[in-house]
Amino acid sequence: MSLLLQITIFLGASLLLVPLLKRFGIATVLGYLFTGMLLGPNVLNIASDAVAIQELAEFGVILLMFIIGLELRPQRLWQMRHSIFVMGSLQVGIAGILLAVISFFALQQGIAASAVIGFALALSSTAFILQLLNEKQQLNSTFGQQSFSILLFQDMAAIPLIAIIPMLAGSESTHHGIAYFAAIVATFSGLFLFSRYLMRPFFRFVAKSGAHELITAVGLFIVLGVVGLMDILGISTTLGAFLTGVLLADSEFRHELEASIAPFKGLLLGLFFMTVGMTTKLSLFIDMPALIIGGALTLLLVKLLSLTAIARYFQQSWRNSLMLGACLAQGGEFAFVVFSVAVSEKVLTQAMMEPLTLMVTLSMVLTPVLYWLMSAVILPHFQKSDTAPQYDDIPDHHPPIIIAGFGRFGQIIARVAHIQHQPFTAIDSNLDKVDFVRTYGGQLYYGDAAQPDILRAAGIEHAKAFVLAIDDIEDSMNIARHIRLNYPNLKLLVRARDRHHVHLLRDIGVEHIWRETYLSSLGMAYHLLRDVGVNEDDAYKSIELFRNFDEELLSQQQQIYTDEQKVYETHRNALAELEHLFESDTQIRQSATGVDLQRGLQRSRIDVTRDDLE
């Protein structure tokens with residue numbers, strides 16, 4: 001059968017089966033795998049020669065590596081550095097070592113093969129989990145964001161894992177460890193210089209022609225050129241594609257490149273997964289069911305427990321810790337890539353790869369079931385069986401103010417209300433804090449403000465103002481959404497953790513928002529200016545200029561905050577504009593009067609006086 005006919009059959013089958021399987025809740029990656037199994041020699045035997053299209057399909061992996069490299073912008077990595085590099089490295093390291101030890105003893109593999117198996121299985125499925133979290137609307141939750149960060153680290157960790165496999169190869173490998181490593185360093189250095197002095201200027205030269213399709217052509221040309229160079233030098237082609245993406249991550253053409261190449265990547269990656277499905281021997285389920293099922297369950301258990309332990313170590317709640325473990329417990333698509341490279345380099349045998357592939361596939365199939373069990377069965381039972389007492393019965397005296405969350409933010413608000421003899425009901429889920437405040441006569445009750453019954457018991461129907469001071473963004477958004485939907489006339493004042501939280505709150509119609517460190521930072525900046533010799537009026541006006549400008553910038557970014565590139569560009573332009581404003585501040589101060597400043601303060605949503613800054 002010709003290559004063209006085989007590709008046509010693959011595409012036609014995927015167009016029919018993948019959307020059909022997705023309607024039944026089966027992820028796209030699994031849909032491609034099942035399609036390959038159906039077409040292969042295991043079932044219909046329509047397209048049995050997977051080798052003929054494997055080279056073309058592996059180009060999808062190369063494009064995947066390139067796009068992952070494009071995503072690794074320095075500013076994004078820095079913002080998520082703790083979750084990515086600390087939690088991510090611990091997850092890959094601990095799970096990889098545990099699974100490698102299990103492989104060494106249970107599967108009787110050598111040290112090199114066990115290490116490859118362990119760390120390959122430690123990687124989770126980026127495509128699968130992001131789709132699952134999107135479907136469950138949990139991508140912006142605490143465990144959703146942590147899952148994304150750890151997946152990003154896993155994507156990065158896959159690159160050196162793939163690159164090091166030739167160094168682990170035996171005598172039959174064509175690579176030599178030290179020479180291979182030296183070639184990687186030399187090639188990376190050359191690519192860096194090429195990117196800095198030739199690649200980006202060449203992109204700009206092509207862009208001036210006005211033919212946008214040439215940008216895609218240049219991107220593919222560079223990727224293919226680097227991959228070809230890597231192949232000639234005997235270096236991993238996937239590593240070359242990844243490095244090319246990293247070097248273009250800060251390019252102004254990054255988004256256009258990603259948008260142009262993504263369809264090719266998705267299509268060819270689908271072909272790759274179908275070839276994996278074709279080469280999977282389903283008969284192994286009958287021949288060695290204990291190994292396949294036991295291996296998949298062991299994989300899920302090891303990763304679930306290790307992730308939960310890591311999250312608890314970093315003081316995450318039990319809910320977030322267990323959900324994080326449930327999300328990332330499966331094996332991922334990179335395991336297929338790593339196993340394929342390991343087999344080609346003679347580090348792993350084909351006979352060992354086949355059951356491992358089935359284990360990973362089965363773990364992915366079981367992930368939605370594990371997610372449901374964790375969220376709907378285990379967590380409720382876990383919370384009920386906890387030693388924490390039942391929530392308090394809140395007295396039916398209906399004070400006009402309700403404060404949800406009694407941390408450092410909520411405590412200050414409550415103290416001010418108490419001084420002014422304004423009755424309030426405060427709710428917090430930290431029992432130790434509740435008992436401590438009660439010893440001083442505070443009206444603080446133990447309860448979960450995210451539960452509608454608790455809010456009704458607190459008298460939310462009779463309240464004049466609701467202060468939402470909870471620090472967990474997910475819980476804060478759920479409560480704010482519930483109040484906006486069910487009590488639209490209630491005055492809602494919300495604490496925001498950061499600018500992104502502000503944007504999320506504004507999206508659901510919340511108007512009165514306070515960023516938790518904003519005023520204190522401005523106050524410190526005011527005193528800093530005074531300490532370095534700026535007079536009182538100039539310091540105050542400088543703070544006012546910055547505050548008004550920052551509020552305006554925040555409003556401008558509301559419509560584009562989901563586009564990181566546009567937000568980054570507005571920040572860069574805003575800094576230049578703000579610098580210009582400070583330079584011309586002398587003229588502004590000459591034309592501005594105290595009355596003008598006072599009016600500006602009154603118009604602002606957040607009132608700041610000189611006393612606040614003092």
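Where a number appears in this text, it was derived from the coordinates with a stated rule and is not lab data. Computed from a predicted model, the values in this text were never measured in an experiment. Quick reminder, even Gly has a Cβ in these numbers, built from the backbone with ideal geometry, and neighbours come from all protein chains shown.
Summary of packing: across the peptides 5-14, 301-310, 33-42, the per-residue average of other C-beta atoms within 10 Å ranks them, highest first, as 33-42, 301-310, 5-14. Take each peptide in 17-30, 216-229, 111-124, 326-339, count the other Cβ atoms within 10 Å of every residue, and average; sorted highest first, the result is 326-339, 111-124, 216-229, 17-30. The peptide list 532-543, 504-515, put in order of mean Cβ contacts within 10 Å with the highest first, becomes 504-515, 532-543.
For A426, the residues whose modelled amide H falls within less than 5 Å of its own, excluding neighbours fewer than 5 places apart on the same chain, are I403, Y445.
Taking amide H as placed 1.01 Å from N in the peptide plane, the amide H of I470 sits under 5 Å from that of R495, each at least 5 places away or on another chain. What spacing in nm lies between the two simple spin-label points modelled at R23 and E461, each 7 Å away from Cα in the Cβ direction? About 4.5 nm separates the two model spin labels.
Using the Karplus relation 6.51 cos²θ - 1.76 cosθ + 1.60 with θ = phi - 60°, the per-residue 3J(HN,Hα) values for the range 323-335 come to 5, 4, x, 5, 5, 9, 6, 7, x, x, 5, 5, 4 Hz, with x marking Gly and Pro.
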